[in-house]
Amino acid sequence: MPPAQRHRSQGNARPANGPALLGAASSPSPCPVQNSCAADQKSADGGSHDTARKLGPFCSGPTNPKTRPSRPHQSRDLQPEPPTRAAQMAASTSPATAARAAWAFAVATCVKLLLVPTYRSTDFDVHRYWLALTRALPARQWYTDASSQWTLDYPPFFAHFSRLLSLPAPLVDAALVTVPVPDSPPFAHLLYLRLTVAFSDLLLLGSALLLARDARRRQRPFLALALVLWSPALLAVDHVHFQYNGFLMGLLLLSLYFLEQGWDLAGGLVFASLLCSKHLFLVAAPVYFSYLFRHYCCGRGVVKGLGRLVLMGAGVAAVFAAAFTPFVYYGQIQQLFNRLFPFGRGLCHAYWAPNFWVFYIILDKVLAFLLRRVGFNIAIPEASFTGGLVGDSSPFAVLPKVTPITTFLLVILAMTPCLVRAFSNPQPKHIIRWVSYACTCGFIFGWHVHEKASLHFTIPLALITMDSLNDARHYFLLSIVSCYSLFPLLFEKQEYLIKVMLLLTYAALMWVGFTSHFAANSDQEGKKVNRSGSTVKKNGFIGWIGLSYLLGIAAIELWSRVFHHHVFGDRLPFLPLIMVSFYCGVGMMYSWMWQLIYIVRHT
């Protein structure tokens, strides 16, 4: 190989594997998804292109100069040229992939219909009231109405979304859109609202179909799309507990699709619309700003760069103006923001999300206990060990009080390496990973985090879980931990078998899909560099440490369901929840560190 060609081949090589999962053995694997991706690409494009050319940075072997024309070296921080029309047509979803995704969505819809009569939380009453509120009252009363305890505390675009869903409601029952709402809704009301959630999931399906090809125009494995559509956490939260996360995640994935394809302006505008629908995605805004400023505005000359900056700023400002200007006119903007950001709710939710603050709280309790035993007079805080952590009072007996500004600074600090990478090397192929990491930082260190917020990063990460064996290992553990941490939300006995079967089915799907995929790659490679599959066969898919951790989840569940009542009776009712939060918090903290190490090393 000529020296110049060798330089280009080595310069384009990028490591595909992140840090090993919980001690699982990891061998060098420059291209663990080569054969699967090549097969998908060949079926979609007729096999007319060279495999190494399609896989790009995932393949680090020498390139055949006869099949890959020489191109001048490009700086890493320059934006790639816009795709041609032919490339855009090639990047469209193949009919076979669309048919399989539609089948997966149909299967998921059948499961959702079976879940219609299951337990529903107070979130059902919240959204039922919002449906009636936005239809029965004018917009000027949406954020001032206090006739119900279920006050509207989502941004205006979600209020308009609720109003849109209410339009066909009178055809079912006029009482659906009257205020006040009935205390005990009939089955027709329940069915209607359940169907609105399933209907809004069509946006998630559409976004997943668009993301069937990645930033390099490669076909993503079908399993990655199925993991999005069949997420047990999403099924439990939206179609049992009751929320509209599928619709919101569809907006996020749509924005990520535009960014992956280089359509930065559209991606920024969709993300702005997402913020005006659910403000909790604001944690990803720093990554969006860093990436878009460098990728869309910089490196194009002063005049053109300023023009793009003004265009992006004007577009985002127009989206926010459409959402909030009416309430500025009504003189209600302060009331609206008080609803959106109720910092008086306390550091943690009543059920502690499995994040960093679980360890902080438990450490405070342990220190207080030990200091009292040695004679120190330590006051017991108002928020008890079994009552959750809510309210305005400081529940800490020894450690310093945590304020919202403290959590904000910790989130930004944890996110800084990602922001540096997004600014210094703004590559579209990494945007899903960066945004997922930002949402992880918000979950780990944020203020009053709900356990359901883990969906904000587990759903996008499913799309890239097949990129390498270590990505698959990481996602396998993370998705199980995330789903299990939601078990306390479905606390009634009749839903117990449902949540267990959803998790076990998903885990079995991942195990079979991942092991067969990477083992097949090894078999096809033979004696080549890639040994992903041999690593799976020799050391197991997740290694003995990962397997031991997952068996610990089974042990905690067995204690909570069987032994706790026999040992403690009615005492310490919050202890099983603390055990779930603490143990899942270990897995979540591991996931955060794994993502951080991967981003620092490989993006």
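The values are calculated or read from the model by the stated rules, or taken from the named source; none is laboratory data. Computed from a predicted structure; not experimentally measured. Backbone-built Cβ (ideal geometry, glycine too); neighbour counts: all protein chains shown. Please note that ligands, DNA and RNA were not included when accessible areas were found on the heavy atoms of the full protein model with its side chains. Shrake-Rupley method; radii C 1.70, N 1.55, O 1.52, S 1.80 Å.
Alpha carbon centre of region 457-496 versus region 153-175: separation in Å?
Here the two parts' Cα centres lie 31 Å apart.
Under the rule of at least 5 residues apart or a separate chain, name every residue whose amide H is placed under 5 Å from the amide H of VAL449.
HIS349
Between TRP230 and residues 5 or more places away or on another chain, which pairs have amide H atoms under 5 Å apart, with H built 1.01 Å from N, and which residues are they?
Counting only residues 5 or more places away or on other chains, the set is empty.
What do the square roots of 5 times the Cα gyration tensor eigenvalues come to for region 186-292, in whole Å, largest first, as semi-axes of the equivalent ellipsoid?
27, 18, 11
Hey, what's the per residue convex hull volume over the C-alpha atoms of region 421-476, in cubic angstrom?
Per-residue hull volume (Cα only) is 88 Å³.
What order do TYR329, TYR590, TYR143 take when sorted by accessible area (1.4 Å probe), most exposed first?
TYR329, TYR590, TYR143
Considering only C-alpha atoms, what is the centroid distance from region 221-273 to region 316-379, in Å?
26
Using a 1.4 Å probe, what is the accessible area per residue for region 185-241, in Å²?
23
Considering every pair of different Cα atoms, what Kirkwood radius, in Å, is found for region 287-436?
Hydrodynamic radius (Kirkwood, Cα only) of region 287-436 equals 19.6 Å.
Got a number for the accessible area of THR122? Probe 1.4 Å, square angstrom, nearest 10.
So the heavy atoms of THR122 present about 80 Å² to solvent.
Leaving ligands, DNA and RNA out of it, rank VAL181, VAL287 by accessible area with a 1.4 Å probe, largest first.
From most accessible down to least: VAL181, VAL287.
Treat every Asp and Glu Cβ in region 233-337 as -1 and every Lys and Arg Cβ as +1, leave all other atoms uncharged, and give the resulting dipole magnitude about the Cα centre to the nearest 20 debye.
Dipole of region 233-337, to the nearest 20 debye: 340 debye.
Roughly how compact is region 85-223, stated as its Cα Rg over 2.2 N^0.38 Å to two decimals?
Ratio of Rg to 2.2 N^0.38 Å for region 85-223: 1.33.
In whole percent, how big is the carbon plus sulfur part of the accessible area of region 163-287, probe 1.4 Å, protein atoms only?
75
Please turn the phi angles of region 281-287 into ³J(HN,Hα) values with the Karplus equation 6.51 cos²θ - 1.76 cosθ + 1.60 (θ = phi - 60°), one per residue in order, whole Hz, x for glycine and proline.
In residue order, the calculated couplings are 6, 4, 4, 8, 4, x, 5 Hz.
Quote the charge dipole size of region 357-513 about the Cα centre in Debye, to the nearest 20; the model charges only the Cβ of Lys and Arg (+1) and of Asp and Glu (-1).
260
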